[in-house]
Amino acid sequence: MLRYPIELEEDDGTVMVTSPDFPELTTFGIDRSEALAHAVDAFDEAIAARIHLGREIPSPSPGKDRVKLPTLTAVKVILYQGMKDQGIGKAELARRLGWHLPQVDRVLDVNHRSRLDRMDAALGAIGRHLEVSAKSTRR
């Protein structure tokens with residue numbers, strides 16, 4: 001899925017997290033583990049704000065340390081980016097799906113736990129499809 005680069009910096013007894021792809025993103029934790037957990041939430045909020053404002057969401061740039069977006073957030077980003085790339089607004093997506101506008105708002109809301117069948121339908125309406133795979137974490 002989507003993994004965005006982060007920069008970790010010791011900052012007066014805490015670990016600060018920033019991201020070159022999202023200059024507005026700053027969070028921290030008492031240690032590296034907590035900072036990374038907070039970073040996931042910070043990415044969700046930064047992405048939600050960009051979608052709300054109609055701003056671009058960049059593709060991940062290179063970087064050593066990365067934060068993996070939650071799967072549903074990544075799917076919503078892919079939908080949003082696809083809509084932007086094709087010049088499709090919410091009203092047009094609603095028309096293509098036969099949905100009401102609040103239903104479209106929910107599939108783009110990173111804080112809403114959208115069902116995968118809804119996400120799949122929305123992606124299909126813009127000519128995309130979702131592929132799922134799983135990799136072993138054992139080595």
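Could you please rank D31, D109, placing first whichever residue has the fewest other Cβ atoms within 10 Å of its Cβ? Don't skip to the answer; put the middle values down first.
Values: D31 10, D109 15.
So the ranking, lowest neighbour count to highest, is D31, D109.
Please list, by residue number, every one of the trypsin sites (Lys or Arg not before Pro) in the range 2-59 that is coil in DSSP and has at most 14 other beta-carbon atoms within 10 Å.
On the way: sites: R3, R32, R50, R55; in loops: R55.
Loop-located and lightly packed - R55.
Sort out the exposed loop GluC sites (Glu not before Pro) in the chain (DSSP loop, at most 16 other Cβ within 10 Å) and tell me the longest stretch that has none. Don't skip to the end; give the middle numbers.
Values: sites that count: E24, E56, E131.
Looking at the chain, 57-130 is the longest stretch - no exposed GluC sites (Glu not before Pro) with at most 16 other Cβ atoms within 10 Å.
Quick check: Cα centre of the range 100-139 to Cα centre of the range 29-54, how many Å?
For the range 100-139 versus the range 29-54, the Cα centre distance is 20 Å.
Through the Karplus equation 6.51 cos²θ - 1.76 cosθ + 1.60, θ set to phi - 60°, convert the phi angles of the range 59-70 into ³J(HN,Hα) values in whole Hz; use x for Gly and Pro.
Computed from phi, the couplings for the range 59-70 are 6, x, 8, x, x, 6, 8, 9, 10, 8, 5, x Hz.
On alpha carbon coordinates alone, what is the Rg over Rh value for the chain, Rh being the Kirkwood radius?
Working: Rg = 16.4 Å, Rh = 16.1 Å.
Here Rg/Rh amounts to 1.02.
Mean separation of Cα pairs under 8 Å and 6+ residues apart, divided by the residue count of the chain: what relative contact order is that in percent?
21
Values quoted throughout were computed directly from the atomic coordinates according to the rules given, and no laboratory measurement underlies them. Everything numeric here is computed off the predicted structure, so don't read it as measured data. Glycine also receives a Cβ, built like all others from the backbone with ideal geometry; neighbour counts cover every protein chain displayed.
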